1. Order 91-98, 16-23 from most to least packed using the mean count of other Cβ atoms within 10 Å.
2. Show me, for the stretch 77-90, the HN-Hα J-couplings you get by feeding each phi into the Karplus relation (A = 6.51, B = -1.76, C = 1.60, θ = phi - 60°), rounded to Hz, glycine and proline as x.
3. Quick one, which of (i) 1.15; (ii) 1.31; (iii) 1.01 is the actual Cα Rg over 2.2 N^0.38 Å calculated for this model?
4. Per DSSP helix of 4 or more residues, -39500 (n - 2.57); summed, then divided by the residues of the chain. What does that give at 222 nm, rounded to the nearest 500?
5. Based on Cβ point charges of +1 for Lys and Arg and -1 for Asp and Glu, what charge dipole magnitude is obtained for the chain about its Cα centre, in debye rounded to the nearest 20?
6. How many percent of the accessible area of the stretch 57-170 is carbon or sulfur, using a 1.4 Å probe?
7. Heavy atoms only, 1.4 Å probe, whole protein assembly: order Arg49, Arg129 by accessible area, highest first.
8. Looking only at the stretch 1-36, which residues have a backbone nitrogen under 16 Å from a spot 7 Å from the Cα of Tyr172 in the C-beta direction?
Amino acid sequence: MVAHIFSLAFIAVIAIFSVPGSSLFSWHPFLMTIGYIGFLFQAILVFSRESCLFSDLKHKNKINIHWILNALGVFSILIAYAAIYYHKEDIQKPHLKTWHGTVGIITIFYTIVQFIAGHNLTIFNFFIRKFVKYQSLCMYHATSGTFLYVLACLSISLGIYSNWFSESTPFYVGYLCFAITAMLGLIVTNQVTAKYVTGKLYMASQKAVLKQQQKKSQPTKIKTK
């Protein structure tokens, strides 16, 4: 539940200081925050046992919610990109001249690729299982998604460091947003690591212990001369 509170707090801060609708630019930080900190973050938490609001649902239903939230997130992100693109065109400013812009466009492209890959994984899972284990594909998708979200957190952090943010907010708001961004990135990383790395290591150790117990329980043969 703490993760959901952090997410909502970050969105509220950006909404207060960006004042969406006050200008064309104002939609960029607000909708990007809605996309990455809102929809995409909640889409990942759908599969979390500790922070999930849908813990009682079946896995199949969770996948559907995950897909819907991701679709809403991608839509918000594309609208946010359109807002900053046309804003710069209006004021005749060059594009991709900052680290925030460069990392941001890479993150958006990666987000679209990740969304399409996950969508195909859901639709063509019966066909894909003939060539690769479905569990392995899920692990690859989750690992790629984790890297994507860390990249998104980096892009957001660079946005917090921008001139607009520093001029529009008190200094302590920047530190607060940095801390929340880092926290959200750690939550996502920990969730995927716990499921696919720590969980597999635990299962492997349990199998090894079980084999040792089976060997000890087997009666020893006595050699007779």
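The values are calculated or read from the model by the stated rules, or taken from the named source; none is laboratory data. Computed from a prediction, not measured in an experiment: that's the story for all the values here. Cβ placement follows ideal geometry from the backbone for every residue including glycine, while neighbour counts extend to all protein chains displayed. Side chains included, ligands, DNA and RNA excluded: accessible areas come from the protein's heavy atoms. Shrake-Rupley method; radii C 1.70, N 1.55, O 1.52, S 1.80 Å.
1. Working: 91-98: 10.4, 16-23: 13.5.
Going from most to least packed, we get 16-23, 91-98.
2. 5, 5, 5, 5, 5, 4, 4, 6, 5, 6, 5, 5, 5, 5
3. The calculated read-out lines up with (ii).
4. Helix-only estimate at 222 nm: -24500 deg cm²/dmol.
5. Working: 19 positive and 5 negative charges, 467 e Å.
Value, rounded to 20: 2240 debye.
6. Values: 4990 of 7260 Å².
Carbon and sulfur: 69 percent of the exposed surface of the stretch 57-170.
7. Details: Arg49 215, Arg129 120 Å².
From most accessible down to least: Arg49, Arg129.
8. 13
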